[in-house]
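Asker: Quick one: the structure is below, and I'll ask about it shortly.
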Protein chains: 4
Amino acid sequence: MRLMDPHAIDSLDTLRRRIREFAEARAWERYHNPKNLVMALSVEAAELLEPFQWLTPEQSRQLSADQREAVRQEIADVLIYLTRLADVLDIDLLDAAADKLALNARKYPVEKAHGNALKSTEFSND
Amino acid sequence: MRLMDPHAIDSLDTLRRRIREFAEARAWERYHNPKNLVMALSVEAAELLEPFQWLTPEQSRQLSADQREAVRQEIADVLIYLTRLADVLDIDLLDAAADKLALNARKYPVEKAHGNALKSTEFSND
Amino acid sequence: MRLMDPHAIDSLDTLRRRIREFAEARAWERYHNPKNLVMALSVEAAELLEPFQWLTPEQSRQLSADQREAVRQEIADVLIYLTRLADVLDIDLLDAAADKLALNARKYPVEKAHGNALKSTEFSND
Amino acid sequence: MRLMDPHAIDSLDTLRRRIREFAEARAWERYHNPKNLVMALSVEAAELLEPFQWLTPEQSRQLSADQREAVRQEIADVLIYLTRLADVLDIDLLDAAADKLALNARKYPVEKAHGNALKSTEFSND
């Protein structure tokens, strides 16, 4: 439980600061240029693919406890690198996501997009 | 500015709910099994690589306004899919990240890891 | 048909030389360091994911002519960058693949691996 | 050396057949639908990113023997999955690459593209 722990990470902003402290304590700033960070992020995103690559979509909805824990750690890795990248680029994650969702709502209005994602009509647009 | 807008996205949890509403309004739940979502996430993570692939690390720290805006949108796409994936798997993003950071701190104590990331000693461990 | 066309690409080695000429004619060698090339390769591999992200595995076996042509181009992009990367690193692609297949045969002998890939027992081992 | 070994893999087509035999011997065909194969390919492409993520471009040109061997194995993994995917989709790899290079030559004529890749003017076009 995070509620009453002064060290708890209760917001994206706190996470951002903790990751920054973590990196600075280890003098890793020089490795954390955006080019390297997007590479690290892609590595972690692909590690998230791996547990699912031979599963059917239905099996992917019914992970074992072990599988779910492995996936949970990879999801965490992706969030950590994404947060670090946004911090280094001075981009606010929630603002960016809010703007993108608004853009997607205009590109994929409910009447047009209802039920149809097969033609890569996705809610996170390219 | 998000502060006084009832529709503003002021937390990861609000983002999670907005994305869920967005998907449900379009009857996209059947496409959003974890296998498909991790694929979509990897597609977006790789779109984040593209603006940087021919830049030097130094150039990656000095993006033009246009480059930064393109990157901002791709970062948003990654966060949106990551949040949706975590929601579908019932994984709390901040809890997962906090646990992973704690694990990384044990694996890469400051005395050992200071200044050294070349041997893939990274703060987001595999 | 490629057989009697002096310009045809009839082997991986010819492809390697054509890509090298293509890059040198455009003075692109300085961009083609291995770090950049693996990034470009990952970008293309993810572009190969995109047409399939909302399809079921069964649908993925029955692509339309348009889908198949798009996939064919992305497959070509991956091979081109892989060949260029191997050339820059002076790695023989067929030798490397032959060695890896031999290693996989030892790691996944038929008796053990028959029918079972669910536990990420894959023929192209990590 | 491959030259006089009847079991040697001396062409992409031989590689294709060997990989097919490998998969069939293990009854893995049912896992090898295109959707799964493009995921496995992306996983391997990202494993190729990892050795380079904290290196500078210059360091990426001077790998140690160990680093080079690790990279060689990941390159092999990518080629193996790409070859398998093309086989399952009945796509000829060299034909596809030849067509794509020809297309790229038209899109990036030497006069226009010389020295310039910074605006993602790449020889393997999207």
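Asker: For the structure I just gave you, tell me whether A:Asp90 is out of contact with any helix residue (DSSP H, G or I) (no Cβ under 8 Å at 6 or more places or on another chain), open to solvent by 10 Å² or more (accessible area, probe 1.4 Å) and at pLDDT 90 or above. Walk me through it before giving the result.
Answerer: Working: out of contact with any helix residue (DSSP H, G or I) (no Cβ under 8 Å at 6 or more places or on another chain): yes; open to solvent by 10 Å² or more (accessible area, probe 1.4 Å): yes; at pLDDT 90 or above: yes.
The answer is yes for A:Asp90.
Asker: Can you name the number of the only condition in (1) touching a helix residue (DSSP H, G or I) at 6+ places or on another chain (Cβ under 8 Å); (2) at pLDDT below 95 that C:Ala113 fails?
Answerer: Every condition holds for C:Ala113 apart from (1).
Asker: Here is a further query. In segment D:96-106, is there at least one residue being more than 12 Å from chain A (Cβ to nearest Cβ), of a type in the set (D, E, K, R) and not in a helix (DSSP H, G or I)?
Answerer: Step one: of segment D:96-106, the residues more than 12 Å from chain A (Cβ to nearest Cβ) are D:96-106.
Applying the additional criterion that residues be of a type in the set (D, E, K, R) yields D:99-100, D:106.
If we keep only those that are not in a helix (DSSP H, G or I) as well, we get none.
No, there is no match, as no residue in segment D:96-106 is more than 12 Å from chain A (Cβ to nearest Cβ), of a type in the set (D, E, K, R) and not in a helix (DSSP H, G or I).
Asker: Regarding D:Ile75, is this residue assigned to a loop (DSSP other than H, G, I, E, B), within 8 Å of chain C (Cβ to nearest Cβ) and either at pLDDT 95 or above or open to solvent by 40 Å² or more (accessible area, probe 1.4 Å) (or both)?
Answerer: For D:Ile75, the condition - assigned to a loop (DSSP other than H, G, I, E, B), within 8 Å of chain C (Cβ to nearest Cβ) and either at pLDDT 95 or above or open to solvent by 40 Å² or more (accessible area, probe 1.4 Å) (or both) - is not met.
Asker: Continuing with this model, one more query. Looking at (1) out of contact with any His (no Cβ under 9 Å at 6 or more places or on another chain); (2) open to solvent by less than 30 Å² (accessible area, probe 1.4 Å); (3) more than 18 Å from C:His7 (Cβ to Cβ); (4) assigned to a helix (DSSP H, G or I), which is the one condition that is false for D:Leu85?
Answerer: Of (1) out of contact with any His (no Cβ under 9 Å at 6 or more places or on another chain); (2) open to solvent by less than 30 Å² (accessible area, probe 1.4 Å); (3) more than 18 Å from C:His7 (Cβ to Cβ); (4) assigned to a helix (DSSP H, G or I), only one is false for D:Leu85: (1).
The values are calculated or read from the model by the stated rules, or taken from the named source; none is laboratory data. All figures in this text were calculated on a predicted structure; none of them were measured in a lab. In this analysis, Cβ positions are derived from the backbone assuming ideal geometry, glycine residues included, and neighbour counts consider all displayed protein chains. With ligands, DNA and RNA removed, areas are computed over all heavy atoms of the protein, side chains included. Shrake-Rupley method; radii C 1.70, N 1.55, O 1.52, S 1.80 Å.
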